[in-house]
Ligand SMILES: NC(=O)c1ccc[n+]([C@@H]2O[C@H](COP(=O)([O-])OP(=O)(O)OC[C@H]3O[C@@H](n4cnc5c(N)ncnc54)[C@H](OP(=O)(O)O)[C@@H]3O)[C@@H](O)[C@H]2O)c1
């Protein structure tokens, strides 16, 4: 039986998970591939460090470029992360004619086009299933099983840290800062959590999903991005009273002329399947024709789920090598679409404000929304009882779909009124007009 030799760049959480998956099913995988997959070498930062996986049969080295270009390695697995040494090593491996498997969303989102062109030039695969959704197969389905479809939208909960925090806020009513500290203590959030809570991680993943879904070159800088830190327990409670749950949604939508790409906290109707994706689980909802609605659900991170995705890619790439270099990747991304600006985003909106509790205020504000073409789907008015002498009421509006420009113009007009004390928070909603 032929042997296909694997070199790892990095052997941390994901690298160890992938190695463990290959080892646990070694014989069955060899039968499925028609060749033995043999991990031979791994480049790491510290060769003496204790590993979560048995490395007895593996040569450990700190020379990353040597592993990336070694003559005795057929497939290179990049699981270092970032766009420094990881990018250099992937370029070196592809240039040396080796197929590459990576779980690095930042690398694919920022430099994917350059790397796909390089893979194409050298007739090798560049596979990246682990880069989005951890263990959930979504890259292959979008690139093959759904490829006969016209995708209307892809909507994902694709960041486990923010979903853990929002699920806990919904359950316990605790504040964002407290739950972030708890997530950090449990290892679900990094000590510098900005990549997750500010939506950068989800924006990288959305870029990759959009490239696949719409066969077009887009960059992560084109994603309109907002994080979750402004959501308060009051917003969570009000949303729940109105029948919604907060989720950080990554949305890529075909708007005809333009593509809409955004990552932001959204109110999701509690009857929608995405509203029930909780804690560290991820889900990706695809609406396309002719297939209709499809949802992919599973664990979005961690050694075992992501190791499964990376090992699956290694097997795909190895099969292709066994068949004389037939390729599954790279995919096209040849189209060019304009991306909508923030003002052009179309959504329904949640607006929470404090106003004077006086006759005619509600009608006046509704009139302002109407004059900007914004139609109201739901409204909730509550008298503020903390200080009755202040005579204030809290108003929550849920609008029908409109443009962000219309909402901003309405709020600018309202903000100038004496009756409006403050506009507390504004969020997008999903599925109100579905
Ligand atoms: N963690 C997840 O659940 C998850 C899920 C999906 C995708 N990903 C992606 O997978 C990739 C890896 O993430 P991870 O969580 O596995 O990271 P990790 O646990 O920090 O592991 C990184 C590995 O890279 C090695 N490394 C770092 N710098 C190096 C260098 N200059 N030269 C050689 N080796 C170096 C480290 O060596 P030492 O072990 O010696 O320190 C370590 O083995 C990232 O792109 C990440 O975004 C992660």
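Throughout, read-outs are computed from the coordinates displayed, never taken from laboratory work. The shown structure was predicted, so the numbers you read here are calculated from the model rather than taken from an experiment. Positions of Cβ are backbone-derived with ideal geometry, glycine not excepted, and every protein chain shown enters the neighbour counts.
Quick notes
- Region 175-194-region 104-123 distance, computed between alpha-carbon centres (Å): 32 Å
- Rounded to 10°, Cα long-axis angle of helix 303-322 versus longest principal axis of the chain: 50 degrees
- Simple label model, 7 Å out from Cα along Cβ direction - residue 378 to residue 50, nm: 5.1 nm
- Taking every DSSP bridge with both residues inside region 139-299, close to 95 percent are antiparallel.
- Taking Cα atoms only, the orientation of helix 200-214 departs from the longest principal axis of the chain by about 80 degrees.
- Relative packing of 267-273, 254-260, 311-317, which averages over residues the other C-beta atoms within 10 Å, highest first: 311-317, 267-273, 254-260
- Between 0 and 90 degrees, the angle of helix 176-185 with respect to the longest Cα principal axis of the chain falls at about 20 degrees.
- Anisotropy class of region 42-184 from Cα gyration tensor, a/c 1.5 cut: oblate
- Relative protection proxy for 137-150, 102-115, 190-203, from highest mean packing down: 102-115, 190-203, 137-150 (other beta-carbon atoms within 10 angstrom).
- Where only DSSP H runs of four or more residues are counted, the chain gives -10500 deg cm²/dmol as its mean residue ellipticity at 222 nm, each run worth -39500 (n - 2.57).
- Antiparallel beta bridges, as assigned by DSSP with both residues in the chain, represent about 65 percent of the total such bridges.
- Whole-angstrom gap from region 389-434 to region 257-297, using each part's C-alpha centre: 24 Å
- Listed peptides 151-164, 342-355, 289-302 by packing density, highest first (mean Cβ within 10 Å): 151-164, 342-355, 289-302
- Spatial separation of Cα centroids for region 305-342 and region 2-76, in angstrom: 20 Å
- Segment residue 386-residue 28, extension gain: residue separation times 0.36 nm, minus the distance between their alpha carbons: 122.2 nm
- Additional length obtainable on full extension of the chain from residue 344 to residue 194, 0.36 nm per residue less Cα span: 51.4 nm
- Per-residue extension of 0.36 nm, minus the Cα-Cα distance of residue 234 and residue 291, leaves a gain of 16.6 nm for this segment.
- Relative contact order, percent, the chain [alpha-carbon distance under 8 Å, six or more residues apart]: 17 percent
- Measuring nothing but how far apart in sequence close Cα pairs (under 8 Å, 6+ apart) lie, relative to its length, region 343-429 scores a relative contact order of 49 percent.
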